[in-house]
Amino acid sequence: MSELQQFTAQDEQFMRRAIALAAHGQYTTTPNPNVGCVIVKDGEIVGEGFHIRAGEGHAEVHALKAAGDKAKGATAYVTLEPCSHYGRTPPCAEGLIKAGVSKVIAAMVDNNPQVAGKGMAMLSAAGIETAYGLLGDEARALNLGFFKRMATGMPYVTCKLAASLDGKTALENGESKWITGPLAREDVQRFRAKSCAIISGADTILADDAQLSVRSHFYPELQDTIRQPLRVIFDSQNRLTPDLALFQTEGPVLLLRNSTQPLDNSPHWPHFVEQCQVESRNGKICPTAVLKLLARRGINHVWLEAGQTLAGVFHEAGLIDSYVVYLAPKIIGNAGRGLFAVPPLMALAQATTLTFSDVVQIGSDLRITALK
Ligand code: AOF
Ligand code: ZN
């Protein structure tokens with residue numbers, strides 16, 4: 001197997017197509033990664049496909065089916081190393097060997113310990129020419145959560161914030177619901193839809209009566225397949241009640257209790273609400289324990305949409321990988337509330353330093369992405 005060998009411009013073009021196909025699965029594949037595959041014979045695409053849903057065929061299965069006999073002697077471009085294991089589906093490496101492809105180019109190796117190079121090795125052992133490393137960064141960006149969970153046992157956490165131009169998230173009295181405009185709120189829907197879980201706290205749910213759901217009318221193309229991410233709510237004092245809007249929207253909810261608080265098993269909770277006691281200190285639920293629990297349940301990417309207290313807890317514990325901040329052209333003034341409730345710093349040198357990765361205008365607001 002060779003890494004970073006000289007790939008041709010045509011190789012790059014086919015891998016770009018495979019990456020674009022993989023992205024079609026971004027609302028549905030969880031806990032599996034987004035993967036695309038293109039099969040090329042004599043410079044022509046003869047089959048292509050992408051992974052849609054865990055439990056169903058992998059990208060290669062769809063592409064090989066479309067190619068039929070034309071797969072013989074063809075080159076397969078895959079955004080992730082073909083799998084070598086029997087999971088919910090049989091190994092794709094075996095499928096490619098049986099179909100008689102002569103070359104497989106993968107954008108990157110799969111860091112799932114069940115695969116981890118074994119897929120490429122199976123192909124090589126069968127006499128198939130293999131290479132990887134073509135557009136690896138682009139392919140990695142599609143599955144940040146999956147790769148982080150496989151490498152560390154923790155999900156990738158994106159923290160969403162909305163603030164005025166002077167960096168305030170709410171008035172002194174807590175009013176905060178409509179700082180940003182409708183297009184920014186629609187943009188948030190897209191991030192929610194891509195995430196595996198949305199984390200929030202009882203404060204936010206009580207203040208805004210938030211549903212934290214994905215509104216399917218934003219996705220006409222996905223009307224039938226729209227998936228509600230798991231809504232994970234920190235409610236360490238059992239303050240939430242079944243009448244709130246959150247519990248009127250069908251879709252899984254994990255209600256977190258502190259380890260000393262009894263669960264509320266009253267019959268009024270809807271069937272889709274699960275309560276769970278989590279390791280706590282001084283009555284506060286441990287955010288690291290929550291993320292580990294979520295990763296064990298196959299959660300790759302978390303969208304943290306919370307108020308300054310819970311956002312502060314995650315930030316201080318160093319658990320946030322990326323910050324998505326919507327900035328509205330409004331001035332609230334010094335009496336407004338900040339974004340993170342954290343203890344004061346003694347020197348600027350103690351400040352968290354991030355890197356801006358992206359700035360775009362969305363309607364009347366700006367969206368700034370900063371990475372740890
Ligand atoms: C691929 N192509 O399209 C995907 C792959 O339980 P299973 O059978 O769905 O296997 C899931 C694992 O297979 C997943 O964790 C990842 O390592 C790999 N996913 N591999 O070759 C695909 N989705
Ligand atoms: Zn596979």
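Under a point spin-label approximation (7 Å from Cα along Cα-to-Cβ), what is the GLU316-THR249 distance to one decimal in nm?
Going from the GLU316 label point to the THR249 one covers 2.9 nm.
Can you sort THR260, THR249, THR29 by how many other beta carbons sit within 10 Å, fewest first? Walk me through the numbers before you get to the answer.
Details: THR260 9, THR249 16, THR29 26.
Lowest to highest Cβ neighbour count: THR260, THR249, THR29.
Just need the relative contact order of the chain here, percent rounded to a whole number, with Cα pairs under 8 Å and 6+ apart.
Relative contact order for the chain comes out at 16 percent.
Compute a Gaussian network model of the chain, connecting alpha carbons closer than 10 Å, and tell me which residue from ASN238, ASN282, ASN143 fluctuates the most.
ASN282
Using 0.36 nm times the number of residues separating SER364 and GLU279, minus their current alpha carbon distance, what extension gain do you get?
Using 0.36 nm per residue and subtracting the Cα-Cα distance, I get 26.4 nm.
Aspartates and glutamates within cross-link reach of LYS65: Cα-Cα under 12 Å, excluding same-chain residues under 8 positions apart?
GLU48
Which pairs break 18 Å Cα to Cα here: LYS160/LYS194; LYS70/LYS103; LYS41/LYS98; LYS70/LYS118?
Working: LYS160/LYS194 14 Å; LYS70/LYS103 14 Å; LYS41/LYS98 16 Å; LYS70/LYS118 26 Å.
Result: LYS70/LYS118 exceed 18 Å.
If you count the DSSP beta bridges with both ends in the range 245-372, what percent of them are antiparallel, to the nearest 5? Write out the running numbers ahead of the final one.
On the way: 15 of 21 bridges.
The antiparallel proportion sits near 70 percent.
Over the range 79-172, what relative contact order in percent results from Cα pairs under 8 Å that are six or more residues apart? Walk me through the numbers before you get to the answer.
Working: 117 pairs, mean separation 24.1, N = 94.
Result for the range 79-172 is 26 percent.
Treating only the Cβ atoms of Lys and Arg (+1) and Asp and Glu (-1) as charged, compute the dipole magnitude of the chain about its Cα centre; round to the nearest 20 debye. The partial results should precede the final answer.
Numbers: 35 positive and 36 negative charges, 91 e Å.
About 440 debye.
Find, among the trypsin sites (Lys or Arg not before Pro) in the range 87-180, those assigned to loop by DSSP (not H, G, I, E, B) with at most 16 other beta-carbon atoms within 10 angstrom. Write down the numbers at each step before the final one.
Values: sites: ARG88, LYS98, LYS103, LYS118, ARG140, LYS148, ARG149, LYS160, LYS168, LYS177; in loops: ARG88, LYS168, LYS177.
Filter output for the range 87-180: ARG88, LYS177.
Please identify, among ALA141, ALA306, ALA328, the residue showing maximal mean-square fluctuation in a Gaussian network model of the chain using a 10 angstrom Cα cutoff.
Of ALA141, ALA306, ALA328, the Gaussian network model singles out ALA141 as fluctuating most.
Work from the charge dipole of the chain (Cβ charges, +1 for Lys and Arg, -1 for Asp and Glu, about the Cα centre) and give the residue of PRO252, ILE199, SER236 farthest towards its positive end.
The residue sitting farthest along the positive end of the dipole is SER236.
Which one, HIS271, VAL360, ALA126, projects farthest toward the positive side of the charge dipole computed for the chain from Cβ point charges (K/R +1, D/E -1)?
HIS271
Determine, for CYS83, CYS37, the number of other Cβ atoms within 10 Å of each Cβ, and report the residues in order from fewest to most.
CYS83, CYS37
Expressed as a whole number of Å, what is the distance separating the alpha-carbon centroids of the range 272-349 and the range 97-172?
So the two Cα centres are separated by 25 Å.
In the Gaussian network model of the chain, springs joining C-alpha atoms below 10 Å, which of SER357, SER280, SER266 carries the largest mean-square fluctuation?
Of SER357, SER280, SER266, the most mobile in the Gaussian network model is SER266.
Give a quick list of GluC sites (Glu not before Pro) in the range 34-140 that DSSP marks as loop, anything other than H, G, I, E or B, with at most 16 other Cβ atoms within 10 Å. Could you put the intermediate results ahead of the total?
Numbers: sites: GLU44, GLU48, GLU56, GLU60, GLU94, GLU129, GLU138; in loops: GLU56.
Here the sparse-neighbourhood loop sites are GLU56.
Taking the Cα centre of the range 290-356 as origin and charging only Cβ (+1 Lys, Arg; -1 Asp, Glu), how large is the dipole, in debye to the nearest 20? Let's see the in-between values first.
Working: 5 positive and 3 negative charges, 35 e Å.
About 160 debye.
Loop-only GluC sites (Glu not before Pro) in the range 238-309, please: DSSP not H, G, I, E or B, and at most 16 other Cβ atoms within 10 Å. Show your work: numbers first, answer last.
Numbers: sites: GLU250, GLU274, GLU279, GLU305; in loops: GLU250, GLU279, GLU305.
Those satisfying the criteria are GLU250, GLU279.
Set the Förster distance to 25 Å, then compute FRET efficiency between ARG53 and LYS98 from the Cβ-Cβ distance, nearest 0.05. The partial results should precede the final answer.
Values: r = 23 Å, r/R0 = 0.94.
After rounding to 0.05, the efficiency reads 0.60.
No lab work stands behind these numbers, since they all come straight from the coordinates. Bear in mind the structure is a predicted one, so any value in this text is a computation, not a measurement. Because the Cβ atoms are built from the backbone with ideal geometry, glycine has one as well, and the counts that use them run over all protein chains shown.
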